[in-house]
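See below for the structure under consideration.
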Amino acid sequence: AQSVTQLGSHVSVSEGALVLLRCNYSSSVPPYLFWYVQYPNQGLQLLLKYTSAATLVKGINGFEAEFKKSETSFHLTKPSAHMSDAAEYFCAVSENKLVFGAGTILRVKS
Amino acid sequence: EAEVAQSPRYKITEKSQAVAFWCDPISGHATLYWYRQILGQGPELLVQFQDESVVDDSQLPKDRFSAERLKGVDSTLKIQPAELGDSAMYLCASSLAPSPDTQYFGPGTRLTVL
């Protein structure tokens, strides 16, 4: 069965610092993987999607994620955090349906 | 840019009352999903429609929840009677085709049951 584990329910970084949000997945077939962002009291917005075309996926707002099959990971990174990046981030895996991790709340300190 | 519409955005009700949520997907999207998101958790699928047909409602508490998409366009999710544990964000999403096609989410309905 497919599942997602997001390591760290809360991550705090300083403005301008590297953002690293961790995601490990379990899937019985080659996975499709997603990162979504959610701002308070809003729906989810797609950041990026892995479809096996390339292991390094670039998304919106300067985010990117690298698919590592050997580590079953799909970590999200951004070189320099902005205050506007403060939100909750969800990793998700899809076989026949989308299964989400528990989320990581990103705090950006000025 | 086309968006998924949901209403109401917020709903407060008392337990044992009936509530209904509405969703209008992106035009042309055949697949529609309802998710429940409990505070501090990721969304969980309640029901999936392909056009007007239910293709997955395995996690829908059918004794109190119902969902319909009569004309294969907009959809309604109903809870009757509401219980305290139903307090959550209810999210609607749509996609052109079933998973793994990208799902686009609406703003959600925040339900509080008192």
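Yes or no: B:L70 aliphatic (A, V, I, L, M) and assigned to a loop (DSSP other than H, G, I, E, B)?
yes
Given the options B:Q17, B:Q48, B:Q6, name the one that is among the polar types (S, T, N, Q), more than 19 Å from B:V73 (Cβ to Cβ) and either part of a strand (DSSP E or B) or modelled with pLDDT of 95 or more (or both).
B:Q17
Only one of B:G108, B:G72, B:G28 is at positive phi and within 11 Å of the chain's Cα centre (by Cα); which?
Going through B:G108, B:G72, B:G28 in turn, the sole match is B:G108.
So which residues in segment B:80-114 are assigned to a loop (DSSP other than H, G, I, E, B), within 15 Å of B:Q37 (Cα to Cα) and within 12 Å of another protein chain (Cβ to nearest Cβ)?
Selection gives B:G106, B:P107, B:G108.
How about segment A:9-84: which strands (runs of 3 or more DSSP E) wholly inside it have at least 3 residues that are within 14 Å of chain B (Cβ to nearest Cβ)?
A:19-26, A:32-38, A:44-50
Please specify each residue of segment A:88-103 satisfying the condition of being more than 9 Å from chain B (Cβ to nearest Cβ) and surrounded by fewer than 21 Cβ atoms within 10 Å (Cβ to Cβ).
If the condition is that a residue be more than 9 Å from chain B (Cβ to nearest Cβ) and surrounded by fewer than 21 Cβ atoms within 10 Å (Cβ to Cβ), then A:E88 is the only one that fits.
Out of the residues in segment A:85-105 that are under 12 Å from the mean Cα position of the chain (by Cα) and assigned to a loop (DSSP other than H, G, I, E, B), which is farthest from A:L46 (Cα to Cα)?
Ranking the qualifying residues of segment A:85-105, first place goes to A:A102.
Please verify whether segment B:71-94 includes one or more residues that are of a type in the set (A, V, I, L, M), under 26 Å from A:T51 (Cα atoms) and surrounded by fewer than 18 Cβ atoms within 10 Å (Cβ to Cβ).
No, that holds for no residue.
Within segment A:10-44, track down each residue that is more than 18 Å from A:V99 (Cβ to Cβ) and at pLDDT below 95.
A:Y39, A:P40, A:N41, A:Q42
Do we have any residue at all in segment A:61-74 that's within 13 Å of the chain's Cα centre (by Cα), within 21 Å of B:E44 (Cβ to Cβ) and not polar (S, T, N, Q)?
yes
A quick yes/no check of all residues on (1) touching a residue at least 24 places away in the same chain (Cβ under 8 Å); (2) loosely packed, with under 12 Cβ neighbours inside 10 Å; (3) more than 17 Å from A:A92 (Cα to Cα); (4) within 13 Å of chain A (Cβ to nearest Cβ):
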{"residue": "B:K15", "(1), (2), (3), (4)": "yes, no, yes, no"}
{"residue": "B:A20", "(1), (2), (3), (4)": "yes, no, yes, no"}
{"residue": "B:P25", "(1), (2), (3), (4)": "yes, no, yes, yes"}
{"residue": "B:H29", "(1), (2), (3), (4)": "yes, no, yes, no"}
{"residue": "B:W34", "(1), (2), (3), (4)": "yes, no, no, yes"}
{"residue": "B:Q37", "(1), (2), (3), (4)": "yes, no, no, yes"}
{"residue": "B:G40", "(1), (2), (3), (4)": "no, yes, no, yes"}
{"residue": "B:L46", "(1), (2), (3), (4)": "yes, no, no, yes"}
{"residue": "B:E52", "(1), (2), (3), (4)": "no, no, yes, no"}
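Do we find a residue being within 18 Å of B:A5 (Cβ to Cβ) and away from chain A (no Cβ under 14 Å) anywhere in segment B:57-67?
Checked segment B:57-67: at least one residue is within 18 Å of B:A5 (Cβ to Cβ) and away from chain A (no Cβ under 14 Å).
The values are calculated or read from the model by the stated rules, or taken from the named source; none is laboratory data. From a predicted model like this one, the values you see are computed outputs, not experimental measurements. Counting neighbours? That spans all protein chains shown, and the Cβs are built from the backbone with ideal geometry, glycine included.
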